[in-house]
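Each remark here refers to the structure printed beneath this line.
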Amino acid sequence: METRENKNLTKKEISSFIAKKIGLSINYTEYVVDDLIVVLCELIKDSKLNIVSFGKFKTIFKKERLGRNPKNKVEYKISARKSVSFIPSKNLDKQYNN
């Protein structure tokens, strides 16, 4: 992939990269990327998801807590919620750091 200033990727950019790399149409790879994201989200909701040589996705349950707006110091409740944590595999870490 080319060097980018902005670190955020869109699904369209991922699809076009895959299309160029593999030689498939961009429309087809957009469907594949969309379906992959849906499947990953469903698997993560169920429990931990471990993708070998990539990393682990884990659902974290955060408790309700008291938050504060730093500008005007107004306190408010932050509701309980679920969040996703990602832990990269050692192989991914090595590739990234080399």
Check your understanding: In the range 50-65, which residue that is in a strand (DSSP E or B) and β-branched (Val, Ile, Thr) is surrounded by the most Cβ atoms within 10 Å (Cβ to Cβ)?
Key -> THR59
Exercise for review: May I ask you to list the residues in the range 66-92 that are closer than 30 Å to VAL52 by Cα, surrounded by fewer than 10 Cβ atoms within 10 Å (Cβ to Cβ) and polar (S, T, N, Q)?
Suggested key: SER83
Exercise for review: May I ask you to list the residues in the range 23-49 that are surrounded by 13 or more Cβ atoms within 10 Å (Cβ to Cβ) and not in a helix (DSSP H, G or I)?
Suggested key: LEU24, LEU49
Point to revise | Among (1) without any contact (Cβ under 8 Å) to a residue 12 or more places away in the chain; (2) farther than 22 Å from GLN95 by Cβ, the one test that LYS21 misses | key: (2)
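Where a number appears in this text, it was derived from the coordinates with a stated rule and is not lab data. All values derive from a computational prediction rather than experimental measurement. Using ideal geometry, Cβ is built from the backbone for each residue, glycine included, and neighbour counts are taken over all protein chains shown.
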